[in-house]
1. Using only the Cα atoms of the stretch 52-194, build the gyration tensor, take square roots of its eigenvalues as a ≥ b ≥ c, and label the shape rounded, prolate or oblate: rounded if a/c is under 1.5, else prolate if a/b is larger than b/c, else oblate.
2. With a 1.4 Å probe and all protein chains left in place, how much accessible area per residue does the chain have, in Å²?
3. Quick one: Cα centre-to-centre distance for the stretch 20-87 and the stretch 119-140, in angstrom?
4. With every protein chain kept in the model, how would you rank Thr216, Thr33 by accessible area, 1.4 Å probe, largest at the top?
5. Suppose every Lys and Arg Cβ carries +1 and every Asp and Glu Cβ carries -1, with no other charges. What dipole size does the chain come out with about its Cα centre, to the nearest 20 debye?
6. Pop the C-beta distance of Met1 and Arg139 into the FRET formula with R0 = 22 Å and round what comes out to the nearest 0.05.
7. Sum -39500 (n - 2.57) across every DSSP H segment of at least 4 residues in the chain, then divide by the residue count to get the 222 nm mean residue ellipticity, nearest 500.
8. For the chain, take the convex hull of the Cα atoms, compute a quarter of its surface area, and give me that in nm², please.
Amino acid sequence: MTFAHLGGIELAYDERGEGLPVVLLHAFPLNRTMWSEQVEALSHEYRFITPDLRGFGESSVMPSATMEEMAQDIASLLDDLGIERAVIGGLSMGGYVTLAFYRQFPQRVRALILADTRAQADSEEARLNRERMAERALREGAAAIAEEMIPKLIAPQTIAERPEISERLRSMVVRNDPQGIAAAQRGMAARRDQSDLLAQIRVPTLIIVGREDQLTPPELSAAMHREIAGSTLVVLDGAGHLSNVERPEEFNRALDQFLSSL
Ligand code: MLT
């Protein structure tokens, strides 16, 4: 792990491999290590950069964490690494940041990966729920958030048959600072609707989703696929929201096929 000192914020990241730079942005409320199977399997072909977004993992906790601020952090990290253009991808919250990045810096994007995510902003109900969870994180700590979120992040069968996955996720969540969790929830609640951006996307785009994703169901991915010209849609059986963690082999196959086509 390395720290990038980006003027007022320290971003922790891992960098591995050589070749086409591929930035992967993690989901809420996890950290960069959720990508370990992808990096492990494919870093002999590509240069992976996996940061902890602000407020998570070992990166600085900031009072504000909008999707735009997180996207700016990634642009600053790329500047720091001397990378002009990269493949940018993210899962769920990482996908929200990916879309915010494309809106701000389209010329820096070689291709997009949108995993288990959506373009729409929150409903009023979802915003209220995020504020409730932000307050709960501050009051009860990260362990309460782990208990509430993990059953939604993975498919029921994964919970029943692979307890080691729940345990791995829990250990990621509980290491996060409640202030970082709360700031990200508020940042997600305030995020803009990116639906109008989809038809403007001019780079190769891989959309990937678990068939049993309850948080961002496959219909949302199918809708993005219809809007993004020339995009590829892959639906993974036997996976919930964290499709890359639950079905790493199938996810890696789709990712490798996409990246090798660029
Ligand atoms: C995530 O997996 O990043 C979150 O579930 C996203 C969200 O809460 O919208």
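The values are calculated or read from the model by the stated rules, or taken from the named source; none is laboratory data. Computed from a predicted structure; not experimentally measured. Neighbour counts run over all protein chains shown; Cβ positions are idealised from the backbone, glycine included. SASA here: full protein model, heavy atoms, side chains in, ligands and nucleic acids out. Shrake-Rupley method; radii C 1.70, N 1.55, O 1.52, S 1.80 Å.
1. Cα axes put the stretch 52-194 in the prolate bin.
2. So the chain comes to 40 Å² accessible per residue, rounded to a whole number.
3. Their Cα centres are 24 Å away from one another.
4. Heavy-atom accessible area, descending, gives Thr33, Thr216.
5. 440
6. Using R0 = 22 Å, I get an efficiency of 0.15.
7. That calculation yields -14000 deg cm²/dmol at 222 nm.
8. Directional mean of the projected Cα hull area for the chain stands at 12.1 nm².
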